[in-house]
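Down below is the structure, laid out as structure tokens.
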Amino acid sequence: MGTVSARRRPRAFAAALATLAITAGFAAAPAQAVDKEKYIALGDSYAAGQGAGPYLDACYRSNNAYSELADEAKSIQLVVNAACSGKTTWDVVNSQLRQLNKSTELVTITAGGNNIGFGDIITSCGAALANPAAGPSCDAATASAAAMIQSGQLTQDVISMIQSVKAAAPNARIVVTGYPYLYDPVTPNPADPLSLFIQQATVLANGLDASTAAAASATGVQYVDVRGAFAGHGVNSGDPWINLDLANPASPDNFHPNAAGYEAYFAALSASGAYSVP
């Protein structure tokens with residue numbers, strides 16, 4: 001009997017080691033890895049991270065973009081930030097949707113501002129503040145944007161984009177964001193051209209955000225308004241989260257969020273539950 005028992009001990013010991021190894025293997029596996037949502041960010045400069053630098057490429061993608069901040073969360077795995085500066089909703093459809101597939105679980109989008117030429121509005125109307133001769137260009141750019149908003153064309157453009165995203169990522173939650181006010185709203189004063197410019201920018205921002213929100217509602221996706229998150233931090237505030245370098249008016253970072261601004265975007269998205277696993 002003693003001989004049989006001696007033969008069994010090595011086998012029992014080996015089995016115990018195997019059990020420990022398996023148990024240790026399970027313990028070593030990160031528990032949250034299975035739960036992470038595969039996330040892809042789409043859109044324009046505000047999704048790319050322009051304004052917060054340093055930049056990774058010609059699209060002005062930055063590690064300070066709100067999607068990159070979300071990647072640090074335990075529940076999110078950013079597959080790619082496909083956003084690129086200057087892109088319209090049509091550009092998103094034509095050049096960014098190739099990143100999506102059936103395994104994509106979360107998509108965020110910030111787009112629509114370039115559809116109405118917001119950059120041209122800022123440039124032409126900013127020039128008009130210094131030179132009244134540029135006034136007609138400002139008026140034309142503003143009127144064109146207002147017409148797109150009031151006709152519902154912008155809403156339809158955003159709806160079309162969202163529908164294309166749904167088709168490319170049928171299993172994904174889709175979240176679209178609005179844009180912040182560039183300037184904190186002020187009471188317009190006919191004797192103060194800057195206040196009139198700020199009022200124009202405020203009206204257009206409201207129209208842009210309302211159009212995006214309407215498109216989200218029509219397609220059954222989530223909309224996140226960021227205007228409240230930026231309140232008190234416009235260009236004209238004591239603590240701006242929007243860039244404006246008066247010494248370099250041609251800077252591409254002007255009128256884009258700085259790093260604190262993208263933290264505000266991330267905070268608004270997080271508070272809305274966008275970055276929480278359902």
- From the set of residues in segment 103-119 that are among the hydrophobic types (A, V, I, L, M, F, W, C) and within 16 Å of the chain's Cα centre (by Cα), which is surrounded by the most Cβ atoms within 10 Å (Cβ to Cβ)? ALA111
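Just wondering, is there one or more residues in segment 108-129 that are under 16 Å from VAL176 (Cα atoms) and of a type in the set (Asp, Glu)? Let's see the steps before the verdict.
To start, the set of residues in segment 108-129 that are under 16 Å from VAL176 (Cα atoms) comprises 108-115.
Now restrict to residues that are of a type in the set (Asp, Glu): none.
Scanning segment 108-129, I find no residue that is under 16 Å from VAL176 (Cα atoms) and of a type in the set (Asp, Glu), so the answer is no.
Kindly indicate whether any position in segment 243-250 is closer than 20 Å to GLY117 by Cβ, surrounded by fewer than 18 Cβ atoms within 10 Å (Cβ to Cβ) and free of Cβ contacts under 8 Å to residues at least 12 places away in the same chain. Before the answer, list the steps.
Taking segment 243-250 as the starting set, the residues that turn out to be closer than 20 Å to GLY117 by Cβ are 243-244, 249-250.
Now drop any that are not surrounded by fewer than 18 Cβ atoms within 10 Å (Cβ to Cβ), which leaves 249-250.
Next, only the ones that are free of Cβ contacts under 8 Å to residues at least 12 places away in the same chain stay: 250.
Looking through segment 243-250, at least one residue is closer than 20 Å to GLY117 by Cβ, surrounded by fewer than 18 Cβ atoms within 10 Å (Cβ to Cβ) and free of Cβ contacts under 8 Å to residues at least 12 places away in the same chain.
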- Item | Given (1) in contact with a Lys or Arg (Cβ under 9 Å, 6 or more places away or on another chain); (2) buried (at least 22 other Cβ atoms within 10 Å of the Cβ); (3) of a type outside the set (Asp, Glu), number of the condition VAL226 does not satisfy | (1)
- Filter result for the condition that a residue is touching a residue at least 24 places away in the same chain (Cβ under 8 Å) and among the small types (Gly, Ala, Ser), over ALA143, ALA41, ALA130: ALA41
- Of all residues in segment 39-65 being within 27 Å of GLN153 (Cβ to Cβ) and of a type in the set (Ser, Thr, Tyr), the one that is farthest from the chain's Cα centre (by Cα): TYR60
- Item | Among the candidates ALA229, ALA205, ALA218, residue that is part of a helix (DSSP H, G or I), closer than 26 Å to GLU37 by Cβ and of a type in the set (A, V, I, L, M, F, W, C) | ALA218
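Counting only residues that are part of a loop (DSSP other than H, G, I, E, B) and within 17 Å of the chain's Cα centre (by Cα), which one in segment 244-271 is farthest from GLY86 (Cα to Cα)? Reasoning before the result, please.
Quick first cut of segment 244-271, residues part of a loop (DSSP other than H, G, I, E, B) only: 244-256, 258.
Adding the requirement that they be within 17 Å of the chain's Cα centre (by Cα) leaves 253, 255-256, 258.
Numbers: ASP253: 12, PHE255: 13, HIS256: 12, ASN258: 17 Å.
Among those residues, the one meeting the criterion is ASN258.
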- helices (runs of 4 or more DSSP H) completely within segment 1-70 that count 3 or more residues being at pLDDT 50 or above and crowded, with 20+ Cβ neighbours inside 10 Å: 45-48, 66-70
- How about segment 251-278: which of its residues are hydrophobic (A, V, I, L, M, F, W, C) and over 16 Å from GLU68 (Cβ atoms)? PHE255, ALA271, VAL277
- Within segment 194-209, can you find the residues that are surrounded by fewer than 20 Cβ atoms within 10 Å (Cβ to Cβ), in contact (Cβ under 8 Å) with a residue 40 or more places away in the chain and under 19 Å from the mean Cα position of the chain (by Cα)? GLY207
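The values are calculated or read from the model by the stated rules, or taken from the named source; none is laboratory data. What you see is a predicted model; the values in this text were computed from it and never measured. When we count neighbours, we look across all protein chains shown, and the Cβ atoms used for this are built from the backbone with ideal geometry, even at glycine.
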